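The block underneath contains the structure these notes are about, expressed in structure tokens.
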Amino acid sequence: MKIQPLGDRVLVEPVKEEEVKKGGIIIPDTAKEKPTQGKVIAVGTGKLDEKGNKIPFNVKKGDTVLMPKYGGTEVKIDDKEYQIMREEDILGIIS
């Protein structure tokens, strides 16, 4: 299945952090913090300004980005977890 975000939305695949066991304690998935990095999979059609001109995206497909821990909407496509969020919610691009 393919998905194309609309407007100024971006489809991001969260980067899973490696599980670290400290002192023999295993932290359950429900207690782990959500990842704050992700890879841009697709960008929307673009946002329009007051004159009807498209505003170009600052991110592009393939960029690694910083995203808020609790931002966006979680979706599951073909057994993979993704987040759809507005471009303005992305905190930065990691180079």
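The values are calculated or read from the model by the stated rules, or taken from the named source; none is laboratory data. Source: prediction; values computed, not measured. When we count neighbours, we look across all protein chains shown, and the Cβ atoms used for this are built from the backbone with ideal geometry, even at glycine.
Taking residue 31 as the residue in question, decide whether it is modelled with pLDDT under 85 and not charged (D, E, K, R). It would help to see each step written out before you state the result.
Working: modelled with pLDDT under 85: yes; not charged (D, E, K, R): yes.
When the stated conditions are applied, residue 31 passes them.
Every residue in segment 59-80 that is surrounded by 13 or more Cβ atoms within 10 Å (Cβ to Cβ) and either in contact with a Pro (Cβ under 9 Å, 6 or more places away or on another chain) or under 15 Å from residue 5 (Cβ atoms) (or both), please.
Result: 59, 63, 65, 67, 71, 72, 77.
Among the listed residues 39, 51, 47, identify the single one that is among the charged types (D, E, K, R), at pLDDT 90 or above and surrounded by 12 or more Cβ atoms within 10 Å (Cβ to Cβ).
39
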